[in-house]
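What follows is a single structure, written as structure tokens, with notes after it.
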Amino acid sequence: MPPVPPLPDFDIVIFGGTGDLAKRKLLPALLQRFLAGQINPGSRIIGSARDALGSASYRMKVAEAVTTGSERIASDRLSAFLSLVDYLPVDVSSEAGWAELKAKLEARPDRVRVFYLAIGPGLFAEACKRLQQFGLDGPLSRVVVEKPIGHDLDSARQTNATLANVFSEAQTFRIDHYLGKETVQNLIALRFGNALFEPLWNAARIDHVQITVAEELGVAGRAGYYDTAGALRDMVQNHMLQLLCFVAMEPPYSMDADVVRDEKLKVLRALKPLRGEDVRQYTVRGQYRKGVVGSVTVPGYAEELGAEQSRTETFVAIRAEVANWRWAGVPFYLRTGKRLAQRVSEIVVSFQPVRHSLFGASAGPLTPNKLIIRLQPDEGVRLGLMIKEPGPGGLRLRRTSLDMSFASEFAGQRQPDAYERLLMDVVRGNPTLFMRRDEVEAAWAWADPILAAWAQDPELPRPYTAGSWGPTAAIALVERDGRTWHEDLEDLP
Ligand code: NAP
């Protein structure tokens, strides 16, 4: 991997520094950037939560968290990283610990300060209020928040207003970790770094687009949160619409953050609203029942929740449309769910069939070209083509694919986690891959009427067996249009 220039010394305070996100994502990402030489030894990582830990015991927790992976880290490098780490008990909901935090930060006044709110969204307002009260909201401060940004348009507006009371939009970083994935940035490279695709990237040449984010996991451990959210709020309103934006946006005139985000915003605003009867026709919500995932029998959602029944959807399929000149009439099928047959996230762009076939029936069927952008597992890009089957005799055609797996193309290079790039972008002050306030609100404005129609629907979500591809109605949603879901990763397009 090309060397990365080190960033000027900075401080990052992780509120919620003992929580799951900090341990699984943030601290390992900071370690990797330190090992890569991007974080100088003068920078400081300050974990914080209510727990009255000492710095030494926090460092032990951090060491444990960052060494759970398969990668072996040399002990001197780990010690060097841990020497950047400190801990301060701070209660976001009271004044406890704030004066100490202020004193620590003010010892190094002229550096970027990142405040990562890895705490429940119910605490964002209090955290911002205290940051302001203690004068920690200066121009070099940046605040990072995780989804969910609200649970509907009104609450998202409130959260955004809370943040905006204290921090300018340029200081506010709303993370959607999907945007830190290499493949998502590659979508931009692919579309705008090649002359090949752009002339074909429209309703005249593209038949439809599918975006799938399928998980094998259920909700165990997160059932309490999940039951208040559901798949539309948890996945579609943020991650999937962001992916859709990168597929559908017009070429931005530069890579300037606001230029890119302006183009994404136009896509969100062009999404055809789904209301009332449209919701019944173009959306499917489901909930998993007991079944077999891999070779393991798993309980149904309600059982995991410990409830008799629940109205929360663990699966959504939606036929969306981007109502603008480029995309009019092209369906964007979105599908996401838990306890599905396979863990896979991919974008499939299906081109129109060839207009006239030269080949007789003996040549076999002509399959339309597909561009498959795979986010996980095994990030990569595949282009499905028709070729002649080798050998003498009649001309027979067969499907094949140009296949580029990042793992094999860049063998020997580690694939950085999305959080590594995003955290360094926060320090650099580059918000291109973060959601702007108006984007979040435009996404909710589209999602809200769907949620409202579901709330009115007396029916429960359609059941599906864990380990399947969701309710049969989701298959019908696509088949009604004479199309099918692209399902098997190994099946050539
Ligand atoms: P978590 O495991 O429950 O951790 C919460 C953290 O907040 C703990 O360190 C907790 O420590 C601290 N905390 C709670 N109340 C506090 C207070 N009054 N003052 C200061 N610290 C307080 O939560 P998480 O899973 O890490 O999630 C954190 C945030 O990221 C949430 O907004 C969540 O929605 C979002 N998120 C998480 C993930 C993920 O993968 N985990 C994914 C997407 C989004 P004490 O109780 O000791 O104070």
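The values are calculated or read from the model by the stated rules, or taken from the named source; none is laboratory data. Computed from a predicted structure; not experimentally measured. Here the Cβ positions follow ideal geometry from the backbone for every residue, glycine too, while neighbour counts run over all protein chains shown. Ligands, DNA and RNA are excluded from the accessible area calculation, which covers all protein heavy atoms including side chains. Shrake-Rupley method; radii C 1.70, N 1.55, O 1.52, S 1.80 Å.
Taken over segment 47-56, the residue count meeting the criterion of being away from the ligand (no atom under 11 Å from the Cβ) and either over 22 Å from residue 114 (Cβ atoms) or not assigned by TED's automatic domain parsing to the domain that holds residue 125 (or both) is 2.
State the number of residues belonging to segment 288-297 that are among the hydrophobic types (A, V, I, L, M, F, W, C) and surrounded by 21 or more Cβ atoms within 10 Å (Cβ to Cβ).
1
In segment 142-163, the residues that are on the phi < 0 side of the Ramachandran plot form Cβ pairs under 6 Å with partners that are among the polar types (S, T, N, Q), at six or more places apart or across chains, as follows: 142/171; 143/172; 147/238; 149/159; 163/172. If you check residue 89 against the conditions, is it over 28 Å from the mean Cα position of the chain (by Cα), within 16 Å of the ligand (Cβ to nearest atom), under 26 Å from residue 162 (Cβ atoms) and open to solvent by 30 Å² or more (accessible area, probe 1.4 Å)? Here the answer is yes, as residue 89 does meet what is asked.
Would you check which residues across segment 1-20 are near the ligand (Cβ under 8 Å from one of its atoms) and not polar (S, T, N, Q) and list them?
15, 16, 17, 19, 20
Residue count for segment 411-430 under the criterion of being touching a residue at least 40 places away in the same chain (Cβ under 8 Å) and open to solvent by 20 Å² or more (accessible area, probe 1.4 Å): the result is 9. Can you name the residue in segment 41-53 that is part of a loop (DSSP other than H, G, I, E, B) and in contact with a strand residue (DSSP E or B) (Cβ under 7 Å, 6 or more places away or on another chain) and, of all such residues, is nearest to residue 3 (Cα to Cα)? Step by step, filter segment 41-53, then rank; the result is 43.
Return yes when residue 4 is under 25 Å from the mean Cα position of the chain (by Cα) and surrounded by 19 or more Cβ atoms within 10 Å (Cβ to Cβ) and no when it is not. No; evaluated as a whole, the condition is false for this residue.
For residue 62, the stated conditions do not hold, so it cannot be described as closer than 30 Å to residue 409 by Cβ, buried (at least 16 other Cβ atoms within 10 Å of the Cβ) and within 16 Å of the ligand (Cβ to nearest atom).
Is it the case that residue 106 is more than 30 Å from the chain's Cα centre (by Cα), among the acidic types (Asp, Glu) and within 16 Å of the ligand (Cβ to nearest atom)? No: the conditions fail for residue 106.
Looking for something among the hydrophobic types (A, V, I, L, M, F, W, C), assigned by TED's automatic domain parsing to the domain that holds residue 14, farther than 20 Å from residue 24 by Cα and part of a helix (DSSP H, G or I) - is there at least one such residue anywhere in segment 57-69? Explain how you work it out, then say what you get.
The first filter runs over segment 57-69 and keeps only residues among the hydrophobic types (A, V, I, L, M, F, W, C), leaving 60, 62-63, 65-66.
Now restrict to residues that are assigned by TED's automatic domain parsing to the domain that holds residue 14: 60, 62-63, 65-66.
Okay, now just the ones that are also farther than 20 Å from residue 24 by Cα, so none.
There is no residue in segment 57-69 that is among the hydrophobic types (A, V, I, L, M, F, W, C), assigned by TED's automatic domain parsing to the domain that holds residue 14, farther than 20 Å from residue 24 by Cα and part of a helix (DSSP H, G or I).
Does residue 323 satisfy the criteria of being more than 22 Å from residue 180 (Cα to Cα), surrounded by fewer than 17 Cβ atoms within 10 Å (Cβ to Cβ) and not aromatic (Phe, Trp, Tyr)? Taking the combined requirement at face value, the residue satisfies it. Here segment 21-46 is the region considered, the condition is being within 16 Å of the ligand (Cβ to nearest atom) and without any contact (Cβ under 8 Å) to a residue 60 or more places away in the chain, and the residue that is most open to solvent (accessible area, probe 1.4 Å) is 24.
In this structure, is residue 134 touching a Phe, Trp or Tyr at 6+ places or on another chain (Cβ under 6 Å), of a type in the set (Phe, Trp, Tyr) and assigned by TED's automatic domain parsing to the domain that holds residue 24? So residue 134 passes the test. For segment 234-287, name all the residues that are part of a helix (DSSP H, G or I) and of a type in the set (S, T, N, Q). Of everything in segment 234-287, those that are part of a helix (DSSP H, G or I) and of a type in the set (S, T, N, Q) turn out to be 237, 238, 242, 281.
Looking at 260, 247, 209, 213, which one is touching a His at 6+ places or on another chain (Cβ under 7 Å) and among the aliphatic types (A, V, I, L, M)? Steps first, please.
Values: 260 fails: touching a His at 6+ places or on another chain (Cβ under 7 Å); 247 fails: touching a His at 6+ places or on another chain (Cβ under 7 Å); 209 fails: touching a His at 6+ places or on another chain (Cβ under 7 Å).
That would be 213, the only listed residue that is touching a His at 6+ places or on another chain (Cβ under 7 Å) and among the aliphatic types (A, V, I, L, M).
Here is a check on your reading of the model: is residue 328 modelled with pLDDT of 95 or more and in a strand (DSSP E or B)? Reasoning before the result, please.
Working: modelled with pLDDT of 95 or more: yes; in a strand (DSSP E or B): no.
When the stated conditions are applied, residue 328 does not pass them.
Residue 144 passes every criterion in (1) in a strand (DSSP E or B); (2) away from the ligand (no atom under 13 Å from the Cβ) apart from (2).
Evaluate segment 93-100: report whether one residue or more is away from the ligand (no atom under 11 Å from the Cβ), in contact (Cβ under 8 Å) with a residue 12 or more places away in the chain and either open to solvent by less than 50 Å² (accessible area, probe 1.4 Å) or among the aromatic types (Phe, Trp, Tyr) (or both).
Here is the first cut: in segment 93-100, the residues away from the ligand (no atom under 11 Å from the Cβ) are 95, 99-100.
Checking the rest, the ones that are also in contact (Cβ under 8 Å) with a residue 12 or more places away in the chain come to 95, 99-100.
Still in the list and also either open to solvent by less than 50 Å² (accessible area, probe 1.4 Å) or among the aromatic types (Phe, Trp, Tyr) (or both): none.
No.
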